[in-house]
1. Of the residues R90, R105, which is free of Cβ contacts under 8 Å to residues at least 24 places away in the same chain, of a type in the set (K, R) and farther than 10 Å from L138 by Cα?
2. Could you check the range 284-314 and list, in sequence order, the residues that are closer than 23 Å to I243 by Cβ and of a type in the set (A, V, I, L, M, F, W, C)?
3. Could you pull out the residue among A417, A391, A425, A421 that is in contact with a Gly (Cβ under 6 Å, 6 or more places away or on another chain), of a type in the set (G, A, S) and within 15 Å of A447 (Cβ to Cβ)?
4. One residue is enough: does the range 353-370 have a residue meeting the conditions at pLDDT 95 or above, assigned to a loop (DSSP other than H, G, I, E, B), open to solvent by less than 30 Å² (accessible area, probe 1.4 Å) and within 30 Å of I26 (Cα to Cα)?
5. Being crowded, with 18+ Cβ neighbours inside 10 Å and in contact with a Pro (Cβ under 7 Å, 6 or more places away or on another chain) is the filter here; which residues of the range 229-253 pass it?
6. With respect to the numbered conditions (1) touching a residue at least 60 places away in the same chain (Cβ under 8 Å); (2) open to solvent by less than 20 Å² (accessible area, probe 1.4 Å); (3) not in a strand (DSSP E or B), which one is the sole condition not fulfilled by H327?
7. Here is a list: S427, S440, S346. Which entry is hydroxyl-bearing (S, T, Y), open to solvent by less than 60 Å² (accessible area, probe 1.4 Å) and within 27 Å of the chain's Cα centre (by Cα)?
8. Name every residue in the range 190-212 that is open to solvent by 30 Å² or more (accessible area, probe 1.4 Å), modelled with pLDDT under 95 and among the aliphatic types (A, V, I, L, M), in order of residue number.
Amino acid sequence: MSDTFDKFSVASVYAELLARAPENKIEPRMGPMFRAMEILGEPNKSFPIIHITGTNGKTSTARMIESLLRAHDLRTGRYSSPHLVSVTERIAIDGEPVDDETFVRIWDEIRPYLQIVDDELSAAGENRLTYFEALTVLGYAIFADTPVDVAIIEVGLGGITDATNVGDGQVSVITPISLDHVELLGDTTELIAQEKAGIIKPGGFLISSAQPADAAQVLLERARELEVPYRFEGIEFGVSSRIVAVGGQQLEIQGLAGRYTDILLPLHGEHQAQNAAVALAAVEAFIGGGERELNQDLVRTGFGATTSPGRLEVIRKAPTVLLDAGHNPDGIRASAAAVKESFGFSKLVLVIGILAEKDAEAMLVQLREAYLDLVDDIAITQSNSPRAIPAGELATMALEAGFNEEDLFISERLDEALEWAVGRAESGEDFGGGVLVTGSITLVGEARMLLGGL
């Protein structure tokens, strides 16, 4: 196929997916997914799975696990969401987005089977497969077709009734749990943990980040109920030491079966170091049941090759422009600590855009408090997503959160907001200014395209 035809075809498939119920329209059900797996020959059972849920850090942890497994010469599939630029990013083979031809070919193959499920749902008076359900079926089908040695599957939302939960993880990974999507998952970390504990399966192995006490208790009880081995960060494993280094940080990690030294992780922040410890423990659990130390050189190679686009990613220099997909208060708090630790900004210009389903008020308060000593200039804008809060409305929220009106620049166009922000960062005699684009993954993805990333 020509490149032009490939791109057009991917766009056509994406249009078909978007014609379904949107990504934020969640159907709390599993029957249609199991039915789709059944008529496709159960691709969900074709490969071992490392299944990941949590509130923050899922994608970065998934990418670290992927990189470590690849360093051990295993062929990997990674399913993650959402994407920054192209839908093919969500289904990665050996660390790269699935090629356009495979994406389109497998979609064409499974389309008739998806139609069977859709027809059965319609006959029963239910909604047809959603965007996320259909895309998840496609991901499993592509991994089975490739085939992969192991798939790293990131939950879309929650766990119990998430579409990805048709797969049984040999290792279940739960990253830090905090309040997000409370209208769907519950308004306490205990309730949210009950949803996320749904990915823990008999015969599996639980690896968990350090958690709030109520969430940790839920996970512990579920693991014991299923007689599943469990290991928690801060108890059985964790970061032993961490030093900020050029382009990232140098780590020593106490794993499940050994202590790993001289690890250079090219990602910023204490939260990424903690994600690295979780990723390493997950791979130890997967490869050796947590009882066999991994090869130190392979671990260093795996971490050294890790990337996490849109997570405190430097997309431009002079002035430095950072992209960060923080989209809840805890994510913003962690990123702010990393910015202050790793970048010597004398001033910082914020470019903010937030989606309507997020707790924008709490996020804006957190942004103001976290960057109070660095920020005088704030660009309020929006992505092209229909779910984006209009810039004018978000600006009103920013004022209510305590930002000063004279510090705000408001534009519905991201390109204008970026141009203004770069200009403000470069203004004056101080050459230590930077720009941080944050608030939603859709905003970060569009900024990445505009600034030449990917």
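1. Values: R90 fails: free of Cβ contacts under 8 Å to residues at least 24 places away in the same chain.
Answer to the check: R105.
2. L294, L298, V299, F303, A305, L312, V314
3. Values: A417 fails: in contact with a Gly (Cβ under 6 Å, 6 or more places away or on another chain); A391 fails: in contact with a Gly (Cβ under 6 Å, 6 or more places away or on another chain); A421 fails: in contact with a Gly (Cβ under 6 Å, 6 or more places away or on another chain).
Within the list A417, A391, A425, A421, the selection yields A425.
4. The answer is yes, given that some residue of the range 353-370 is at pLDDT 95 or above, assigned to a loop (DSSP other than H, G, I, E, B), open to solvent by less than 30 Å² (accessible area, probe 1.4 Å) and within 30 Å of I26 (Cα to Cα).
5. At the first step, the residues of the range 229-253 found to be crowded, with 18+ Cβ neighbours inside 10 Å are 230-233, 237-239, 242, 248-249, 251, 253.
Within the range 229-253, just G248 meets the criteria.
6. With (1) touching a residue at least 60 places away in the same chain (Cβ under 8 Å); (2) open to solvent by less than 20 Å² (accessible area, probe 1.4 Å); (3) not in a strand (DSSP E or B) applied to H327, the lone miss is (2).
7. Values: S427 fails: within 27 Å of the chain's Cα centre (by Cα); S346 fails: within 27 Å of the chain's Cα centre (by Cα).
Testing whether each residue is hydroxyl-bearing (S, T, Y), open to solvent by less than 60 Å² (accessible area, probe 1.4 Å) and within 27 Å of the chain's Cα centre (by Cα) leaves just S440.
8. L191
The values are calculated or read from the model by the stated rules, or taken from the named source; none is laboratory data. Computed from a predicted structure; not experimentally measured. Here Cβ is always computed from backbone atoms with ideal geometry, including for glycine, and neighbour counts include all displayed protein chains. What goes into the accessible areas is simple: the full protein's heavy atoms, side chains included, and nothing from ligands, DNA or RNA. Shrake-Rupley method; radii C 1.70, N 1.55, O 1.52, S 1.80 Å.
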